[in-house]
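The structure appears right after this line, and notes come after that.
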Protein chains: 2
Amino acid sequence: MHVDLLACAVCHCLAARKQARALTRHYESRLRRHGLKATQFSVLASLALAGPTPMGELAELLGLERTTLTRGAALLEEKGWISAEKADDRRARPLRLTAAGRRKLDSAYPAWKAAQDSAATI
Amino acid sequence: MHVDLLACAVCHCLAARKQARALTRHYESRLRRHGLKATQFSVLASLALAGPTPMGELAELLGLERTTLTRGAALLEEKGWISAEKADDRRARPLRLTAAGRRKLDSAYPAWKAAQDSAATI
DNA sequence: CCACGATAGGTGTATCTACACTGAACGCAT
DNA sequence: ATGCGTTCAGTGTAGATACACCTATCGTGG
């Protein structure tokens, strides 16, 4: 099998990852002083918008692996920004935004907005 | 400051990260049996195309942080797929694809090609 | 020559990411 | 009621990612 190196240079995966890295650096440079990573901001915002949401459903919503959200949610819970509630289905642990989480989201919003509005310039 | 949750739902960063994650899963599901991650494949392919390249320049080329490449390159070097050479400038450590690295790239290429050709279906 | 800013690269630390595997609870069919 | 496949979530492990900070080397102006 002949390896087409030029084809490799236009790898869709690499391109998507490059752009995601660049955008992440752009957003996180502004979110940093609020102590938030890009993924953490989107978790808080999603919960604010959708209300209490089971882990699996939230992971699906954010397009990340369920087990990835497990780790990330644990960090947010330690900081007191979200809480895992009990549900009728005792397997489920619906995530809910706490009041502190809502305040964190509010305070970080202008930084996110600035990044969002200037994202096209990257 | 009023938080526009609907605006947060169309975060460019989240969108880019979602797509990058999905594409990465797609490519890595095929690269897995070759023991390669997406980033590792792009490092090998870039070195095959560009020849020996200093770390900083390669990081720039791949759009990733220089210190990120430091860790990734160490793993590839452990596996014997790349080697860090000595240069006239003793600070520099140009990375070079080894013969084993070239063989690894060759053997993984069909898997990458299959992922590339089916990437649009995600 | 040599001091000093510039440049190449590495380390400590923290988070993100995901697969393989595991445990627990659920619900249905018998 | 109970056995069993399904579903929800956590753990072990490994690599990706990046910032703040560090060391070593280089080149140049004085």
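Return the distance in nm (one decimal) between the two label points of a simple spin-label model at B:E57 and A:E57, each offset 7 Å from Cα along Cα→Cβ.
Inter-label distance under the simple model: 5.3 nm.
State, to one decimal in nm, how far the label point of B:L75 lies from the label point of B:H2, with both points 7 Å from Cα in the Cβ direction.
Modelled inter-label distance: 4.6 nm.
Distances in nm, one decimal, shortest first, from B:D106 to the same residue in every other copy, taking the label point 7 angstrom along Cα→Cβ.
6.4
Ignoring ligands, DNA and RNA, how do A:E77, B:E28 rank by accessible area with a 1.4 Å probe, largest first? Walk me through the intermediate numbers first.
Numbers: A:E77 75, B:E28 25 Å².
Final ranking, largest accessible area leading: A:E77, B:E28.
Roll a 1.4 Å probe over the protein chains and send me the accessible area per residue for the protein assembly as shown in Å².
Numbers: 13290 Å² over 244 residues.
Accessible surface, normalised per residue, equals 54 Å².
What total accessible area, in Å², is buried where chains B and A meet, using a 1.4 Å probe and rounding to the nearest 100? Working shown, then result.
Numbers: alone 8440 and 8450 Å², together 13290 Å².
Counting protein atoms only, the buried area is about 3600 Å².
Explain nothing, just compute: Karplus ³J(HN,Hα) = 6.51 cos²θ - 1.76 cosθ + 1.60, θ = phi - 60°, for every residue of the range A:25-31 in order, whole Hz, x for Gly and Pro.
With the stated coefficients, the range A:25-31 comes to 4, 4, 5, 6, 5, 8, 7 Hz.
Can you list residues whose amide H is under 5 Å from B:T98's amide H, if they're 5+ apart or on another chain and H is modeled 1.01 Å from N?
B:I82, B:S83
Read phi for every residue in the range A:66-82 and hand back ³J(HN,Hα) as whole Hz from Karplus 6.51 cos²θ - 1.76 cosθ + 1.60, θ = phi - 60°, with x for Gly and Pro.
4, 6, 5, 5, 3, 5, x, 5, 4, 5, 5, 6, 4, 7, x, 8, 9
Mind jotting down the distance between the C-alpha centroids of the range B:107-122 and the range B:15-91, whole Å?
Rounded to whole Å, the Cα centres lie 18 Å apart.
Put a label point 7 Å from Cα along the Cβ direction on B:G51, then list its distances to the equivalent points in the other copies in nm, shortest first.
Output for B:G51: 6.4 nm, nearest copy listed first.
Each residue of the range A:112-117 in turn: what ³J(HN,Hα) in whole Hz from Karplus with 6.51, -1.76, 1.60 and θ = phi - 60°, glycine and Pro shown as x?
Listing the rounded values in order: 4, 4, 4, 5, 4, 5 Hz.
Using r as the Cβ-Cβ distance of B:D89 and B:L49, and R0 as 25 Å, what FRET efficiency do you calculate, to the nearest 0.05? Could you put the intermediate results ahead of the total?
Details: r = 23 Å, r/R0 = 0.91.
FRET efficiency, B:D89 to B:L49: 0.65.
Calculate what fraction, in whole %, of the accessible area of the range B:5-121 sits on carbon and sulfur atoms when a 1.4 Å probe is rolled over the protein chains. Don't skip to the end; give the middle numbers.
Details: 3220 of 6170 Å².
The C+S portion of the solvent-accessible surface of the range B:5-121 is 52 percent.
At 222 nm, what helix-only mean residue ellipticity would chain A give, in deg cm²/dmol to the nearest 500, using -39500 (n - 2.57) for each DSSP H run of four or more?
Values: 6 runs with 78 residues, N = 122.
So the calculated ellipticity at 222 nm is -20500 deg cm²/dmol.
Obtain the nm distance between the two label points defined at A:K37 and A:T68 by a simple spin-label model: each point lies 7 Å from its Cα along the Cα-to-C-beta direction.
1.0
The values are calculated or read from the model by the stated rules, or taken from the named source; none is laboratory data. The shown structure was predicted, so the numbers you read here are calculated from the model rather than taken from an experiment. Note that we place each Cβ from the backbone using ideal geometry, even for glycine, and neighbour counts take in every protein chain shown. Side chains included, ligands, DNA and RNA excluded: accessible areas come from the protein's heavy atoms. Shrake-Rupley method; radii C 1.70, N 1.55, O 1.52, S 1.80 Å.
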